[in-house]
Each structure stands twice: as structure tokens, then as C-alpha cells.
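Every read-out reported here was derived from the displayed coordinates using simple, explicitly stated rules and does not represent laboratory data. None of the values given here were measured: they were computed from a predicted structure. Positions of Cβ are generated from backbone atoms using ideal geometry, with glycine treated the same way; all protein chains shown enter the neighbour counts.
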Amino acid sequence: MDDGRLEQALANLVSRGELNQEDAHKVRAEFDKSAPLEESKSKVISEIGGYLGGLFIFIALLILIGGRWHHISRYLQFSLFLTVALLLAAVSFTIGKSTPARGRVVGLLGVASACSTTAGIFSWRISGDGPIFFALFVGWLLTLGSYIWNRTAVGEIALAGFSLAAGSAGTFLAFHHFRGMHELALVSVIIGSLWLLLSALAFFSKLLGSAIAMVFLFLGGQFFFSANSHLFTYLICLLTVVVAAWMYARSPEWPLLVGAIASITVGMGELVGATLGGSLGATLGLLTSGVIFVGASAYSFKRSKWSRSD
């Protein structure tokens, strides 16, 4: 029932003497309290319907063209991907982002549109580092634009994934003689550092942004270790612990503390394990992480107490 029909019904009842003004006021108050709950249920149902509808369409397309895909020309493949991308973008603009539920659906549609465009470029059966980097870079730009327009967790995670893929392809393109884990390690450390900085500047959400940053920094150190560049691994672990503890003391987001603990535990274990033995390395790493954990927590609580006293 909408507000106009409710007001008309109450006015008719009051005019006929079947309801007084006080009772009409109570009905209006009760209606105002129940309307948001009904509206939220409707939004949840609409959001779930949007996800299921997109999934069904995707499955149906796979069934229809899955067996015939290799017989379709690359021009038609590109046209299909581009058409899907444009339709997804049009639907996302039509839905809008006026509510959180709509924003989440629009964020997912934006990521799907960027992925479809990237797949369309790949459908030309391109080869070589240059074209691959171009396709991933286009997908990264579209994902970035979608995230700037509508900032959601799905968009941020997709942007991180495209950043890793495009960054790795760009590094392969720039350093033809420098292939392997070194590229992944370098790109991961750069992405983690940028995510940490942009999270602190509130471009990304602090919680999810710091979690993504810690994952990339940790992976970067491990990629360097796998490439036998142990010194870089130890330096990255040390810097990660110092920066994460410093940021945690000022803004206690749990991913920062977990990232610091993981880095110091694994890094110390690898350092001592490579020199004195694995069991001793694991023990010292655990001990050091415990000291870092207690020290960072104590400093954070102390800083909070100082802020309240001021």
C-alpha cells in the first residue's frame, strides 16, 4: 500500500466518524515503522533475483553456444562479447546506485561488463605479450571506471585481480629476459604498497583495502623467496611488519595486525630455517610474532587512552 492510498482511506474513515484523529495518527505511525522493513525485504528479493537472473543467463549462453563456439568466426565472437558488455553496462546505468542493494548489483554488473570486454579482445586469438597486455589493460581501465562510479567490495576485489594480471603482463612485456617469479613478486609488492597507501587515503575501504594490501605484500615476499631472492623476502617482511604495526596503532584494522603476524612468523621461520634449521626457525618466528602482537596491541590501547584523556 502506498502513502497516498493510506491517507485517502484514513480521511474517509475520519470523515464518516468511524475513526478519530488520534487513531488515524496511530495508524500512520505504525505504517511508517513497518514500511522500511517491507521495503528492505523487497530490496533483498530484488537483489537476489538480479544475481540469479544473471547466473541463469550465463548458463543458458554456455549451453547454447558451448558446442558451436569453435565454429564461430572470431568477428562474431568479438561481437557477442561486446554486445553482452554493452547490455550489462546499459542495465547497470538503468538500475542506478540509489540504494546499497542496487549499488551491489551495479558493481557486479560493471565487473562482468569489463570481463566480457576483455574476453572479447582475447577472442581475436591474439598472441604475444603486447596484445595480451592491451586486453588486460582495457579490462583494468573499465573496472577502475566502474569502481570510481560505484565503490563496492566486488569492484575493489576485481580491480585488484586486474591490477595483478595487467601488471604482470606489462612486466613481461618490458623485461623479456626477466621472466618467472620475479615479475609476480615485483608486481605484487607494488600493488600491495599502492593499496595500503590508497586505503589510508580513503580511496579504498580501510578494512578490505588493508586486507588486499597485506595479501599482496605477503605473496610478493613469498614469490621472491621461491625465486631464491631471499634478501628481498626478508626486507619485504621487515617493512611490512613495521608499516603495518605503525598503521595499526593509528587505525586498528585487524588485517594489518594479521598481515604483520603472518609476515614476521613466515619470514623469521624462513630466515632461521635456511641457516639454523627448520624447527628452530618456526619457533623463533612464532615467538617474534607473539612479541609483535602484544607490543602493537599494548601501544594501540595506550594511544587510545591518551586520545581520550586529551
#### Entry: Highest to lowest packing among 199-211, 153-165, scored as the average C-beta count within 10 Å
153-165, 199-211
#### Entry: Ranking of K26, K97 by count of other Cβ atoms within 10 Å, fewest first
K26, K97
## Note on the structure
Most exposed first, judged by fewest Cβ atoms within 10 angstrom, T94, T117, T240 run T94, T117, T240
## Note on the structure
Listing S79, S168 by rising number of other beta-carbon atoms within 10 angstrom, fewest first, gives S79, S168
### Task
Using 0.36 nm per residue of separation minus the Cα-Cα distance, give me the extension gain between R250 and L201 in nm, one decimal.
16.3 nm
### Query
So, in nm, how far is label W124 from label A227 when the simple model puts each one 7 Å beyond its Cα toward the Cβ?
3.0
